[in-house]
Amino acid sequence: MSQLASEYGAINLSQGFPDFNCPTILADLVSHYTKAGFNQYAPMAGLTTLREQISLKTQLLYQHTPNPETEITITSGATEALFAAIAAVVNPGDEVIVIEPAYDSYVPAIVLNGGIPVFVQLTLPDFSIDWEAVAAKITSKTRLLILNSPHNPTGAVLTREDLENLAQIADHTGMYIIGDEVYEHIVFDGRQHQSLLRHKALAARSFVISSFGKTYHATGWKVGYCIAPPALTTEFRKIHQYLTFSTVTPIQYALADFLDNKEHYLNLPHFYQQKRDLFCQLLARSKFTLTPSPGTYFQLVSYQHITNEPDLTFAKRLTRELGVAAIPISVFYQNRQDNKILRFCFAKNEDTLRLAADKLCNL
């Protein structure tokens, strides 16, 4: 869709990236460390100073203090961390529970490692998890369950009750959990991000993955990290060391310094909620219907009152004829289930959102 948007000169609200820059101070720090010569390999697990800062941040946010040496690994983006975590525990024939609609890197990584994806669909209209349905899918072959909250593409967020339900289900199994929490700081309306790290029993069997790119508006840097217990981190690093070995050095130094600036990530919910509220307000006079997103920087809209076209067909037509690109939600389902819903990214400047909304309201 980004390629199609470029081809037709459309406003790109499809792929999830901001059209504004990262914090100036952070960019200056990267420049400083680059010019100062910090351009050689970083340690395989990541700079010690950065891992120490992540540990302090995790304690502040989730009352969980991972050991920087044995429980935190810096990765070349969250996608690398997801692959490394899956490869670390999934053997041929193992089953992996995937909650869908699902981010598109999960299933290929499972299949490449010989695993068998087992799908459980979120429940419409609020895209909540049916834990009875999850429990029904667990077998003696279940090795892993992948959770994503705040959830891409729907924006749904886990609750404390969700964590308790998951803990009860997992208690008498040997399965591991991946918590894809890259949008951890983008939750709205007073909600609190329910990280797996908040729950002691879940943290003990989980890989929890975060993204600096999402937090600092720098998706192109591809820097993330994984927090996991020592035994899981050992296996994770066996994959990571041969996958990318280490992650870009000057950016690690810059992030270690900038993590002292707590205000940035603490204020991120307010920053993005303003954009969500503006985008929803601007679409109020359109023929689309929506419920404001609980989290992430994505907004789902239904077009069922506009056309019966398949969502991929409609998304392409919007791009070509109206000049606004979105993502059809069917592509996040293995069976291409079509609920007549599109995903728009509102991580954009106000002028971009206004111009896109004007076009959408003229449909």
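The values are calculated or read from the model by the stated rules, or taken from the named source; none is laboratory data. Since the model is a prediction, treat every value here as computed from it, not as a measurement. Positions of Cβ are generated from backbone atoms using ideal geometry, with glycine treated the same way; all protein chains shown enter the neighbour counts.
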Just one of 232, 300, 255, 266 is over 18 Å from the mean Cα position of the chain (by Cα), more than 18 Å from residue 43 (Cα to Cα) and at pLDDT 95 or above; which is it?
-> 232
Looking only at the range 289-311, which residues are touching a Pro at 6+ places or on another chain (Cβ under 9 Å) and without any contact (Cβ under 8 Å) to a residue 24 or more places away in the chain?
-> none
Tally, over the range 247-293, of residues that are out of contact with any Leu (no Cβ under 8 Å at 6 or more places or on another chain), assigned to a helix (DSSP H, G or I), acidic (Asp, Glu) and farther than 30 Å from residue 306 by Cβ | 1
Can you name the number of the only condition in (1) within 16 Å of residue 14 (Cβ to Cβ); (2) under 26 Å from the mean Cα position of the chain (by Cα); (3) without any contact (Cβ under 8 Å) to a residue 40 or more places away in the chain that residue 321 fails?
-> (2)
Which members of the range 315-363 meet the condition of being in contact with an Asp or Glu (Cβ under 8 Å, 6 or more places away or on another chain) and either under 23 Å from residue 218 (Cα atoms) or in a helix (DSSP H, G or I) (or both)?
-> 317, 329, 330, 331, 332, 347, 348, 349, 352
Quick one: residue 359 ticks every box in (1) basic (Lys, Arg); (2) under 20 Å from residue 4 (Cβ atoms); (3) in contact with a Cys (Cβ under 6 Å, 6 or more places away or on another chain) bar one, so which box is it?
-> (3)
Residue 41 being in contact (Cβ under 8 Å) with a residue 60 or more places away in the chain and surrounded by fewer than 19 Cβ atoms within 10 Å (Cβ to Cβ) | yes
Could you please give the count of residues in the range 132-179 that are buried (at least 22 other Cβ atoms within 10 Å of the Cβ), of a type in the set (Ser, Thr, Tyr) and in a strand (DSSP E or B)?
-> 1
The residue that is surrounded by the fewest Cβ atoms within 10 Å (Cβ to Cβ), considering only those in the range 315-340 that are of a type in the set (Val, Ile, Thr) and under 14 Å from residue 6 (Cα atoms), is 324
Residues within the range 2-40 that are in the same structural domain as residue 182 (by TED's automatic domain parsing) and either on the phi > 0 side of the Ramachandran plot or in contact with an Asp or Glu (Cβ under 6 Å, 6 or more places away or on another chain) (or both), tallied = 2
Starting from the range 8-32, keep only residues that are more than 21 Å from residue 312 (Cβ to Cβ) and in contact (Cβ under 8 Å) with a residue 60 or more places away in the chain, then list their pairs with residues that are of a type in the set (D, E, K, R) and assigned to a loop (DSSP other than H, G, I, E, B) whose Cβ atoms are within a distance under 9 Å, requiring at least 6 positions of separation or different chains.
-> 18/348; 19/348; 20/348
Taking the options 101, 68, 92, 43, name whichever one is touching an Asp or Glu at 6+ places or on another chain (Cβ under 6 Å) and not hydrophobic (A, V, I, L, M, F, W, C).
-> 68
So which of 101, 125, 150 ends up being in contact with a Gly (Cβ under 9 Å, 6 or more places away or on another chain), of a type outside the set (D, E, K, R), under 17 Å from residue 329 (Cβ atoms) and assigned by TED's automatic domain parsing to the domain that holds residue 84?
-> 150
Selection status of residue 283, of a type in the set (A, V, I, L, M) and either surrounded by fewer than 20 Cβ atoms within 10 Å (Cβ to Cβ) or under 20 Å from the mean Cα position of the chain (by Cα) (or both) = no
Search result, residues across the range 57-72 that are touching a residue at least 60 places away in the same chain (Cβ under 8 Å) and closer than 22 Å to residue 266 by Cβ = 57, 58, 60, 61, 62, 63, 64, 66, 72
Selected residue (only one of 66, 108, 92, 117 is assigned to a loop (DSSP other than H, G, I, E, B) and within 15 Å of residue 144 (Cα to Cα)) = 92
Within the range 248-288, tally of residues that are under 30 Å from residue 318 (Cβ atoms) and touching a residue at least 60 places away in the same chain (Cβ under 8 Å) | 14
What do you reckon, is residue 69 crowded, with 21+ Cβ neighbours inside 10 Å, outside the structural domain of residue 328 (by TED's automatic domain parsing), acidic (Asp, Glu) and in contact with a Lys or Arg (Cβ under 9 Å, 6 or more places away or on another chain)?
-> no
